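A.B. asks: Handing you this structure, nothing more for now.
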Amino acid sequence: MKFKSFVSVAALAVAATAVAGAAQARDQIQIAGSSTVLPYASIVAEAFGENTDFPTPVVESGGSSAGLKKFCEGVGENTIDIANSSRPIREAEIKACAEAGVKDIIEVRIGYDGIVFASDIKGNKFAFTPADWFKALAAEVVVDGKVVPNTAKSWKDVNPNLPDQPILAFVPGTKHGTREVFEEKVIAAGCKETGALDVFKKADEKGAAKKCITLRTDGVSVDIDGDYTETLARIESNKNGIGVFGLSFYENNTDKLQVATINNVVPTVAAIASGEYPVSRPLYFYVKKAHIGVIPGLQEFAQFFVSDEIAGASGPLAQYGLVSDPELAKVQADVAAAKTIGQ
């Protein structure tokens, strides 16, 4: 497969989003969902339009949960064809899809991304552990064996080795798949690491896990419902803020942001690929099989997306920050066979 020359991948992502926003015709593939997957899908959509006879797909954001909800609204030209997601589809969502007639879903893993913690490039440097984040943001913590409301004001209150800087965290809102990964691999991990989980279980075995990830509502933890550009804007207006980003977004904004370590590991593509960096996740898109053969180019787009030239280690997605899937050949075979969930 040969492609026309690629322009700067960052410019390509912006251009694709602009084209997608203006498009209206239904002979185009319609995609919605994860803001983390958005730049990758936009790059692929633009390249697909340039290198095939099919129109450039329409790519929109909105968050993983919102995209999957739209995906599960039903089958037909008035529904989207693909949902992007930074987490696996849930069983409840598969059930909701089936109830609406979306019974055959193709899951496509496109690669891996890291979740990073970044702050103003001229500010303090941070070396975090999951325990630090739990003790900073959890609504309740354990002090001297007792569960108490969290009143920590400075990162130094949380860990004496951290800077004496007010705690202010900009975290993904609950509609984003990144939020679930943040809760699971950072907040919940920190809850367990500090021993708080065991204390919570003594009081309420069933509710302990939820208590671990319940965050403060006193202004130190701020939900961001928009995409990473909104998080960056918040940090630019409040230099004490620390934001939760995808690695690729950070790597494309290193002139404005500096990144923290987690467990003394610097987040890099290599550290994620090796598994050394602890806060990473696979990225996906989901295809409505019933639309293949109905919406022009849908099968071709899915195969184009995961081709070696696009999703491989030397492709434009890797240039933008995606960690190539080590099992890409298997993904390609499953997509070519239109293999659905459960097959």
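A.B. asks: Taking 24 Å as the cut-off for C-alpha to C-alpha distance, list the pairs among Lys135/Lys256; Lys69/Lys289; Lys95/Lys330 that go past it.
C.D. replies: Numbers: Lys135/Lys256 27 Å; Lys69/Lys289 16 Å; Lys95/Lys330 26 Å.
Beyond 24 Å between Cα atoms: Lys135/Lys256; Lys95/Lys330.
A.B. asks: If each DSSP helix of 4+ residues adds -39,500 (n - 2.57) and the sum is divided by the residues in the chain, what number results at 222 nm, nearest 500 deg cm²/dmol? Numbers along the way, then the final one.
C.D. replies: Values: 17 runs with 131 residues, N = 343.
Helix contribution divided over all residues of the chain: -10000 deg cm²/dmol.
A.B. asks: What are the aspartates and glutamates whose alpha-carbon lies under 12 Å from the alpha-carbon of Lys211, with same-chain residues fewer than 8 places away excluded?
C.D. replies: Straight-line reach from Lys211, under 12 Å: Glu140, Glu183, Asp198.
A.B. asks: Taking every pair of distinct Cα atoms and averaging 1/r, then inverting, what Kirkwood hydrodynamic radius in Å comes out for the chain? Display every interim value, and only then the final one.
C.D. replies: Numbers: mean 1/r = 0.0478 Å⁻¹.
Across the chain, the inverse of the average 1/r is 20.9 Å.
A.B. asks: Still on this structure, I have one more. Of Ala32, Ala271, Ala311, which is the most mobile in a GNM of the chain whose springs link Cα atoms less than 10 angstrom apart?
C.D. replies: In this elastic network of the chain, the residue with the biggest mean-square fluctuation among Ala32, Ala271, Ala311 is Ala271.
A.B. asks: Further question on the same structure: Can you sort Leu68, Leu197 so the residue with the fewest Cβ neighbours within 10 Å comes first?
C.D. replies: The most exposed by this proxy come first: Leu197, Leu68.
A.B. asks: With no solvent and one point on each alpha carbon, what is the Debye value of log10 I(q)/I(0) for the stretch 169-252 at q = 0.18 Å⁻¹?
C.D. replies: Cα-only, vacuum Debye calculation for the stretch 169-252: -0.81.
A.B. asks: Give me Rg/Rg_expected for the stretch 114-280, where Rg uses Cα atoms only and Rg_expected = 2.2 N^0.38 Å with N residues. Before the final figure, lay out the partial values.
C.D. replies: Working: Rg = 15.2 Å, N = 167, 2.2 N^0.38 = 15.4 Å.
Rounded to two decimals, the normalised Rg is 0.99.
A.B. asks: With a 10 Å cut-off between alpha carbons and a GNM built on the chain, which of Asn240, Asn161, Asn51 moves the most?
C.D. replies: Asn161
Throughout, read-outs are computed from the coordinates displayed, never taken from laboratory work. Note that this is a predicted model, so its numbers are computed, not measured. For neighbour counting, all protein chains shown are included, and Cβ atoms are generated from backbone atoms with ideal geometry for every residue, glycine included.
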